[in-house]
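A quick write-up on the structure given underneath.
The values are calculated or read from the model by the stated rules, or taken from the named source; none is laboratory data. All figures in this text were calculated on a predicted structure; none of them were measured in a lab. Here the Cβ positions follow ideal geometry from the backbone for every residue, glycine too, while neighbour counts run over all protein chains shown. These area figures cover heavy atoms from the full protein model, side chains too; ligands, DNA and RNA do not enter into them. Shrake-Rupley method; radii C 1.70, N 1.55, O 1.52, S 1.80 Å.
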Amino acid sequence: MFISDCRREFYDVIVSQRVLLLVASDVDALCACKILQALFQCDHVQYTLVPVSGWQELETAFLEHKDQFKYFVLINCGANVDLLEILQPEEDTFFFVCDSHRPINVVNVYNDTQVKLLVKQDDDLDVPTYDDIFRDEEDEEEDSENESDGLEPSEKRRRFEEDVIERTMKRRQRREWEARRREILFDYEQYEYHGTSSAMVMFDLAWIMSKDLNDMLWWAIVGLTDQWVQDKITQMKYVTDIGILQRHVSRHNHRNEDEENSLSIDCMRIAFEYDLRLALYQHWSLYESLCNTSYTSASLKLWSVQGQKRLQEFLADMGLPLRQVKQKFNSMDMSLKENLREMIEESANKFGMKDLRIQTFSIHFGFKNKFSASDIVYATVSLMENIEKEGPETTNFIKALDSLSRGNLDKLHQGLDLAKKQLRAIQQTVASCICTNLVISQGPFLYCSLMEGTPDVKLFSKPVSLCLLSKYLLKSFVCSTKNKRCKLLPLVMAAPMDVERGTVIMVGIPPETESSDKKNFFGRAFEKAADSTNSRTLHNHFDMSIIELKTEDRSKFLDALISLLS
Amino acid sequence: MAGERAVGLVRELRGATGGNLPPFRAEGLRQALEEMRALYERNQADVSEAKSGRTDLIFLIRFRHCCLLRNQRCILAYLYDRLLRIRALRWEYGSVLPNTIQFHMSAEEVEWFSRYKKSLATYMRSVGGEEGLDLTQDIKPPKSLYIEVRCLRDYGEFEIDDGTTVLLKKNSQHFLPRWKCEQLIRQGVLEHILL
């Protein structure tokens, strides 16, 4: 059931209860969780927070805690499957689901008592109407009971014939209805996509209650930027949501604009900016950032010798000395930095990079702390998927959660370093995949598989890193290939996950076109292909288009996928 | 060499930092006392000789006496410091000590601990009106009633005042009443998250 009044139906209900927060491991979920935690602290709501990274963990966490809690808040997980079926909760258990995964499972939508969905109503959800998919079972039974005795035999027979006709009619109607229901559900569930970020939904809640702080606003921004960095939402949606947040930003940060009304330098300020689309450039050197940003490296085709030449030309065109470009951005000459953005943009236009400028936000506090929203996203993602230290995955979650608070600058800087490593690894892998022609057209889709033993392959056993890699790879591939048909194909990518258990992780991503609506049909396709071949797969991830698969089953699974999609 | 053993006891205690309580060295203590007795007896013998005119022995006697005093000081320091540590344990762990720590205490120390416990309890009952006042709570002035804590290791179920239980599992995070967490934080099960 959708909640229309977040405050009355959600917050006022749980404010006097003990709540269990189940939070998925993605940056948007972390941000939403941060906002909710801050609200809970204001109101002394006792809660327990348990990180979950997949369906299995969600189930175990639920089983462990179901005796102690009645109210469960699920962040970025749980909307796209029938929750009551997989968790089998007691009648008096309530779920509040704040999830950006779409489509939302219809049972969740039409359950009036136990499942409450915190979803922004203006997203176009296109949920099928109740009558199309549910039908009360009782009206089938009633006719068998009103057999009335004591009538004339002829009367009885006529009655009986009428009954038979009526019943067959009903049965036919029912079959038609079922066929229609299947069709409607198929249309509805075919594509997987993402709705408004959970962090924004939570921020809206805080705002409605007049408890919104600048910090919460920042988390909402990071949540939205995460969706954009991961390419989960369309450019249109991003710009619209940025517009919404910008209104809040100017409401919160109007001070400091004139002399009289100034704030201390240590206070946090958020600013709306047209910034460069270069990853981490303020904490790196401009050169490294240009090389390791997917947009610039794909447009300049940096994996080839010509591409490297083009990069040199690009730098020369801007008139930036190599020595300056290769040193830390912070230490670059002030005179160069002053109108750097304009210079880069002007030259970028000549080199066919028209979208180098994006709308984003940045945060300042103190004299030397300035971060752009995407910096934080990259840092948090790489902290969350850090592979350096063995240990339970939840430790990474906790670290990533900590890095989002301003008090933990050292963790954030550690994250930034990891993010640089990650981006470099992605870029190198993309280059080697393209140079060695690892991306193969399978007909209905492109396929690329990373071998065991490739450098950094361990990094890509994690879902978010692998998704980032696939998106960068597809972008680069589209720029490099001359085959026009291939430009419109989606990509399936596989990487070894666990060598001992012999499993691979496989993701499918939608085609990379300008007008792409970011809708992904691989979730259902994977499911069907696995069913038809009896492959041993595991749909553990909250995104249906990420699966684990036994290595031996890979080829038959792919064959089934090809025949299914062509 | 005279005085080595007693100093060894003190040195060991000094090495155990962070308020840890090392095992009670009954044997070391006995040896130090033994040494003191030997010194004393030899002094006794020499004193009687010195009385009979051997004045050259006086320096030796003085030296031995200094050794005796030093040993005494070391042993007292050892025992007193251990008592201070045991007293601190009462505030840290509450009235029941974990077995590992009790194992490190001598019988006299256990006795002293229970007497200290009793007098502290009597005092706490006498102040703060009818129910008394638990002085071991809120050693630092609290800023809020509830605090955010993170679980550092699997602890199992933990019951709080209102009868509900919380499952403390590694890396889960909780927002709990401060007065219930304080002890677990001191024991290192929970970590207070400060932002």
Review point. Among the candidates B:C74, B:C66, which residue alone is open to solvent by less than 60 Å² (accessible area, probe 1.4 Å), modelled with pLDDT of 90 or more and not aliphatic (A, V, I, L, M)?
Key: B:C74
Revision key, fill the gap. Residue count, the range A:193-251, condition part of a helix (DSSP H, G or I), acidic (D, E), open to solvent by 20 Å² or more (accessible area, probe 1.4 Å) and more than 26 Å from A:D266 (Cβ to Cβ), comes to 1
**Study point:** Subset of the range A:279-316 [farther than 26 Å from A:T436 by Cα, open to solvent by 10 Å² or more (accessible area, probe 1.4 Å) and aliphatic (A, V, I, L, M)]
**Key:** A:A316
Point to revise | Counted residues, the range A:168-182 - those being open to solvent by 70 Å² or more (accessible area, probe 1.4 Å) and hydrophobic (A, V, I, L, M, F, W, C) | key: 1
Review point. Scanning the range A:372-425 for residues that are within 19 Å of the chain's Cα centre (by Cα) and assigned to a loop (DSSP other than H, G, I, E, B), which turns out farthest from A:L58 (Cα to Cα)?
Key: A:L404
Review point. Quick one: which of A:S347, A:S335 is open to solvent by 20 Å² or more (accessible area, probe 1.4 Å), in a helix (DSSP H, G or I) and free of Cβ contacts under 8 Å to residues at least 40 places away in the same chain?
Key: A:S335
Review point. What residue, among those in the range A:394-403 that are at the interface with another protein chain (Cβ under 10 Å from one of its Cβ atoms) and either surrounded by fewer than 17 Cβ atoms within 10 Å (Cβ to Cβ) or not charged (D, E, K, R) (or both), is nearest to A:Q37 (Cα to Cα)?
Key: A:L401
Review point. Within the range B:157-195, how many residues turn out to be open to solvent by less than 30 Å² (accessible area, probe 1.4 Å), outside any helix (DSSP H, G or I), away from chain A (no Cβ under 11 Å) and closer than 25 Å to A:S16 by Cα?
Key: 1
Review point. Is one or more of the residues making up the range A:490-499 outside any helix (DSSP H, G or I) and open to solvent by 50 Å² or more (accessible area, probe 1.4 Å)?
Key: yes
Check your understanding: For the range B:106-113, does any single residue satisfy the condition of being open to solvent by 60 Å² or more (accessible area, probe 1.4 Å), more than 14 Å from every other protein chain (Cβ to nearest Cβ) and touching a residue at least 40 places away in the same chain (Cβ under 8 Å)?
Key -> no
Practice item. Give just the number: which of (1) touching a His at 6+ places or on another chain (Cβ under 8 Å); (2) within 29 Å of A:A24 (Cβ to Cβ); (3) charged (D, E, K, R); (4) open to solvent by 30 Å² or more (accessible area, probe 1.4 Å) does A:D375 not satisfy? Key: (4)
**Study point:** Hey, A:K458 closer than 21 Å to A:D26 by Cβ and either among the aromatic types (F, W, Y) or at pLDDT below 90 (or both) or not
**Key:** yes
Point to revise | Members of the range B:139-156 found to be within 11 Å of chain A (Cβ to nearest Cβ), open to solvent by 100 Å² or more (accessible area, probe 1.4 Å) and over 28 Å from the mean Cα position of the chain (by Cα), listed by number | key: B:L145
Exercise for review: From the list A:D543, A:D517, pick out the single residue that is farther than 18 Å from A:L468 by Cβ, open to solvent by 10 Å² or more (accessible area, probe 1.4 Å) and not in a strand (DSSP E or B).
Suggested key: A:D517
Check your understanding: Based on what the data block shows, is A:K475 modelled with pLDDT of 90 or more, closer than 25 Å to A:C291 by Cα and open to solvent by 30 Å² or more (accessible area, probe 1.4 Å)?
Key -> yes
Study note, to complete from the structure: If we take the range A:1-96, then strands (runs of 3 or more DSSP E) inside it with 1 or more residues that are crowded, with 22+ Cβ neighbours inside 10 Å and within 12 Å of chain B (Cβ to nearest Cβ) are A:19-24, A:47-52
